[in-house]
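Remarks on the structure that follows.
The values are calculated or read from the model by the stated rules, or taken from the named source; none is laboratory data. The model shown is predicted, which means the values in this text are computed figures rather than measured ones. Here the Cβ positions follow ideal geometry from the backbone for every residue, glycine too, while neighbour counts run over all protein chains shown. All accessible areas refer to the heavy atoms of the entire protein, side chains included, with ligands and DNA or RNA removed. Shrake-Rupley method; radii C 1.70, N 1.55, O 1.52, S 1.80 Å.
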Amino acid sequence: MRAPAVGIQHVTRPLTRFRKRPDAAIVLGTILVFLVFGAVDPESWFQFFTMINITRYAAILGLLAIGQTIVILSREIDLSVGSVYGIVAIAFIASEPTLGVPLSLLAALMLAAAIGLLNALLVLRGGISSMIATLGALFFYRGIIYVTTGGTVMRFSQGARAHWLTQAFGGQWLRLDNAFLWFMLIAVLASLVLYHSRFGNHLLAVGGDETTALARGVTVVRTKTIAFVACSLLAGLSGIVTIAQNPQTHVTLGMQLELESIAAAVIGGTQLGGGRGTVLGSVLGTFFLTAVRSEMITLGAPPSWYTAFVGIALLLGATINTVMARRSGA
Amino acid sequence: METERAPLISLRNVNLWYGTVQALRDVSVDFYQGELVGLVGDNGAGKTSLVNIISGIVAPTSGEVYLDGQRITSFHPKLAIDLGVETTQQSVGLCDNLSIARNYFLGREPVRRIAGIPFIDLGKMRKEGRKAITAFGLRESVDVDGEVALLSGGERQAFKIARAVYFRSRILIMDEPTNNLSVRERERVNDLAVQLKDQSLLVIYITHDIFQIHRIADRFIILENGAKVADVPRNLMSAEDLERIIREGVGNDAGSPRSG
Amino acid sequence: MRVSLARFVLKRPETSAVVVTAILVTFLTITTGGTWLSFANLQSVSRITAVLAIMAFGEALVISTGEVDVSVGSVFAMGALIFIGVGRTVNLGVALLLALGGGLLIGLLNGAVVAFFRVPSLIVTLGTLFLFRGIAYGVTEGFYFGASDEVRSRLIFNVMGGANLGGVNVAVLWALVALLVLHVVMFYMPMGNRILAVGGNAASAYSRGVNVARVRLIVFALSGLLAAFAGMLDAASIGYVDGSFGELMELEAIAAAVLGGCSLVGGRCSLLGTLLGAFLLRAVGSYLVILGIQPQWFILLLGVIVVLASLSDRVLTKLLFRLQQR
């Protein structure tokens, strides 16, 4: 191609660069959704309560989506996050009377890490696909939730609710949920780790081309293990902020979140083939889904419509992503 | 008098692009019945791209392909096989999970219709598979119902060649057939290639091993950066010259950016 | 001779399923003091096995090509809802066609996206799993569709799962027919050879002229069709259907296929094994019921079974290869 006129070159370059970002579509999509919902429903959409509702659910889903993104970037998948979210939340609330808030929090997070480690072990040492291993885990931990809670509802005591550590996860600061602040903090941290650390580089290399990464001295097993553990920990953290905010359990806690987290990552531009994707994309994917959910609730649609919508979003997002990736010759 | 004959396959000004990469640049070449052609060149020179077009795996971006003087307009492996083009490739062609008999006929299974329903003719598949095992020098112990995963590298090549012969192919493309083979197995495969040529098949033989191909081929086509840089009969070029051209290139402009 | 017998036995993909089933049946019978082997229990186990097996056959075909279909639980519900929903309001014949057609269409949708766009099948079918589960809950609005006595007395309804013949539900017969037909297709017809070839090595199959995309499309279409058919049979024998119908069954179908000796990476398939796998799962389920154990334990157990089955699948494949190399 001959060099275009200099003036045009300056204008198109940032635009082309933006277009080539994997999260370009979701950036525009999320802005569009917020504008459209704002235009359709101006009096209630930009109200404080709507926004608080959105940020509250976005924090819960977003933490899971960031973890899922890390695992997908390493070319694996974690279907167990919904159950991990539930079981960690329940472990936190169930162990509090005996251990106290700080220790039970620690125990719950250790449980999350252990589950991630077991997933990694099954996949990397056992040699079964992450899909099957984590599908099994999804049902196993859900089964444990059913069997141990037996449908009973557990609550925090007043003391436990007021504990500063519970408040650190479930309270508010400057009228914003602490959960949301955690979500933002972790999004920034995850971005930094992914794009400005050795581990991040290894993760993207492993997801992009495992044999090459191996040949360059990247320890595939360790990198993927960290990805699984990080994903489980984030799922657990999400469960903990949920329970700190709204301290009661039910057996269906976290059901369907595996689907939503994958959908958020995929419509955020994360490539299922691994190695390509951004944390920002998944965060925006989370806002996108959460905005639609909130609007559906406002319009009085039954929750099943949201389930169907997430299914379609995943299907379309994955198809468009795959086709676009092939177009660009990746 | 060679030029009097009509070519069996003829490529005219063929270009092939993979996305933004040009794999073949304006290649025109003829292949004739009953010759063994060595297709040589460095890695990435376009050897496999060229044969992928002939075996229907990819369609050229532009240019024309003729078989028996007929213009080929659609490209699909099935079509190529039906037209008598067989390819033996290093890595593909055999499904390790299937038996020798089932692999032998994969994609063209013989059927016996019972009440109009096509049942595969396992008896025929076994019989022909067994024939191939003995005729093409596979070990006596090889079982026609055993998985092909158990065959040695040379046996795999011999088996693919046997399959090509069975389906009365007129053109056999051998893509690096002797990689990872023992010396003895390599001799065996090369003998088979010459035998097939003597049975008036067209054999297109891709290899890195210049000295090996120089002993058996009638003609060499050298590719460089996707372009044809030489097309010479064996008696006009020594193996040393051939190797030097590939190593040093001919210094044509094929490597520089093209216009238009 | 001993080696060749061992070789033959190990080579059969369903070997481990047969052995495990035999041990399990003995165990279940003894520990329940014979109750498990009672006619009433066998009657119910055979019916629920048949329903699961029909769905699992479709899953086995998909798994044989190296893909997976997790949407079958929701397709099962769609088949059942359409059959009962349309059957009680419009006409059973129309309902039958719509239910099967609907399953086929969902299967074609899954298959088309997988085959032509090469999107990972897990993601595609996860999307349709939730899409059609959402629709199932949406159309039932928390209630259930029941078949009236008049509908239940109709011939189509009885043939499609409503009737018992000699104490055995017709679903059992349908499962045996499906087993026979699919077994012949898989191992004695060109299509089966190509399905296994695509699962074993898609590039090689393509180079031999096999239309790989069409093979993928066909297995997904069959999986959708069979799942809807199974849902219909189950709904007709129970007489009503709600939005949660068939939930978790996708995992059972995958487990049945893997237990039965289908390799998750593709290329190895046994439909007889899949039937045994379905039986195994449903036998354990009924055992828990007889012992009066919370049914939720089954979910937990299912997770363990899936993981263990795929672990043993890996071990078995390695062992087989080593044995053959001797």
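Over the protein assembly as shown, what is the percentage of antiparallel beta bridges among all DSSP beta bridges, to the nearest 5? Can you show the working numbers first?
Details: 33 of 51 bridges.
Of those bridges, close to 65 percent are antiparallel.
Could you compute how much accessible area chains C and A hide from each other, both sides summed, with a 1.4 Å probe? Nearest 100 Å² is fine. Each step should come with its number before you reach the end.
Values: alone 15190 and 16380 Å², together 28470 Å².
Buried surface at the C/A interface: approximately 3100 Å².
With every protein chain kept in place and ligands, DNA and RNA left out, what is the accessible area per residue of the protein assembly as shown? Probe 1.4 Å, answer in Å².
Result: 43 Å² per residue.
Within a Cβ distance under 11 Å of residue B:129, other residues only, what is the Lys/Arg minus Asp/Glu net charge? Kindly include the intermediate steps, with their values, before the conclusion.
Working: positive: B:102, B:124, B:126, B:127, B:130, B:131, B:163; negative: B:128, B:143, B:145.
It works out to a net charge of +4.
Could you tell me the total accessible area buried at the B-A interface, probe 1.4 Å, in square angstrom to the nearest hundred? Intermediate values should be presented prior to the final figure.
Details: alone 13100 and 16380 Å², together 29450 Å².
Adding both sides of the contact gives about 0 Å².
Hey, can you list the residues from the range A:287-308 whose accessible area shrinks by 20 Å² or more with all protein chains present, relative to the chain by itself (probe 1.4 Å, no ligands or nucleic acids)?
SASA drop of 20 Å² or more in the range A:287-308: A:304, A:305, A:307, A:308.
Beta carbons within 10 angstrom, averaged per residue: use that to sort the peptides A:81-89, B:67-75, highest first. If you can, show how the numbers build up before the last one.
On the way: A:81-89: 29.7, B:67-75: 12.8.
Final packing ranking: A:81-89, B:67-75.
Residues in the range A:285-312 near a label at residue A:47, defined as backbone nitrogen under 18 Å from the 7 Å Cα→Cβ point?
A:291-301
Counting only other chains, and only Cβ atoms inside 10 Å, what mean value do you get across the residues of C:209-221? Before the final figure, lay out each step's value.
On the way: counts 11, 6, 4, 1, 0, 0, 0, 0, 0, 0, 0, 0, 0.
Taking all residues of C:209-221 together, the mean is 2.
Among all the lysines, which ones have a C-alpha under 21 Å from residue B:228's C-alpha, if same-chain residues fewer than 8 places away are not counted?
Leaving aside lysines fewer than 8 places away in the same chain, those within reach of residue B:228 are B:47.
Antiparallel versus total DSSP beta bridges in chain B: what percent is that, nearest 5?
On the way: 25 of 43 bridges.
Here the share of antiparallel DSSP bridges comes out near 60 percent.
Take the cross-link list B:127/C:318; B:131/B:197; B:78/B:127; B:160/B:197 and give me the ones stretching past 19 Å between alpha-carbons.
Details: B:127/C:318 30 Å; B:131/B:197 21 Å; B:78/B:127 24 Å; B:160/B:197 16 Å.
Beyond 19 Å: B:127/C:318; B:131/B:197; B:78/B:127.
Where the accessible area of chain B is counted over protein heavy atoms with a 1.4 Å probe, how much of it, in %, is carbon and sulfur? Display every interim value, and only then the final one.
Values: 5760 of 11940 Å².
Its accessible area is 48 percent carbon and sulfur atoms.
Just the number, please: buried accessible area between B and C, total of both chains, 1.4 angstrom probe, nearest 100 square angstrom.
Details: alone 13100 and 15190 Å², together 25930 Å².
Chains B and C together bury approximately 2400 Å².
Would you mind telling me which residue in C:25, C:114, C:258 has the biggest mean-square fluctuation in a Gaussian network model of chain C, where springs connect alpha carbons within a distance under 10 angstrom?
Result for chain C, Cα springs under 10 Å: C:25 fluctuates most.
Could you order A:165, C:92 so the one with the most accessible surface comes first? Probe is 1.4 Å. Can you show the working numbers first?
Numbers: A:165 25, C:92 0 Å².
Putting A:165, C:92 in descending order of accessible area: A:165, C:92.
Give the lysines reachable from residue A:20 as a straight Cα distance under 27 Å; neighbours fewer than 8 places away on the same chain don't count.
Qualifying lysines at Cα under 27 Å: A:224.
Let me know the volume per residue of the alpha-carbon convex hull for the range C:2-324, in Å³. Numbers along the way, then the final one.
Working: hull volume 45.9 nm³, N = 323.
So the per-residue Cα hull volume is 142 Å³.
When the accessible area of each residue in the range A:137-154 is compared between its chain alone and the complete protein assembly (1.4 Å probe; ligands, DNA and RNA ignored), which residues differ by at least 30 Å², being lower in the assembly?
Those are A:139, A:140, A:146, A:147, which lose 30 Å² or more relative to the chain on its own.
Taking each residue in A:319-326, count the Cβ atoms of any other chain within 10 Å of its Cβ, then average. What number comes out? Show your work: numbers first, answer last.
Details: counts 9, 2, 3, 7, 4, 0, 1, 3.
Rounded to a whole number, the mean comes out at 4.
Mind listing, in residue-number order, the residues in the range A:112-130 that have at least 50 Å² less accessible area with every protein chain present than in their own chain alone (1.4 Å probe)?
Residues passing the criterion (a loss of at least 50 Å², heavy atoms only) are A:128.
Averaging sequence separations of C-alpha pairs under 8 Å and six or more residues apart, then dividing by the length of chain C, give the relative contact order as a whole percent.
On the way: 576 pairs, mean separation 110.4, N = 326.
Reported as a whole number, the value is 34 percent.
Give me P(r) over chain B, computed from all C-alpha to C-alpha distances, binned every 5 Å, as integer percentages.
Bins of 5 Å from zero give 1, 6, 13, 16, 18, 16, 13, 9, 5, 2, 1, 0, 0, 0 percent of pairs.
With a 1.4 Å probe and all protein chains left in place, how much of the accessible area of the range A:22-328 comes from carbon and sulfur atoms, in whole percent? Let's see the in-between values first.
Values: 8450 of 12370 Å².
Here it works out to 68 percent.
Helix-derived [θ] at 222 nm for chain B: sum -39500 (n - 2.57) over DSSP H runs of at least 4, divide by residue count, nearest 500?
Details: 8 runs with 80 residues, N = 260.
Result for chain B, helices only: -9000 deg cm²/dmol.
If I compute solvent accessible area with a 1.4 Å probe over the protein chains, what percent of it on the range C:1-152 is carbon and sulfur?
On the way: 4450 of 6150 Å².
Ligands and nucleic acids excluded, carbon and sulfur give 72 percent.
Mean shadow of chain A, computed from the convex hull of its alpha carbons, in nm²? The partial results should precede the final answer.
Values: hull surface 79.4 nm².
Directional mean of the projected Cα hull area for chain A stands at 19.8 nm².
If the reach is capped at under 12 angstrom between alpha carbons, list the aspartates and glutamates near residue B:124, excluding any in the same chain fewer than eight residues apart.
Qualifying aspartates and glutamates at Cα under 12 Å: B:109.
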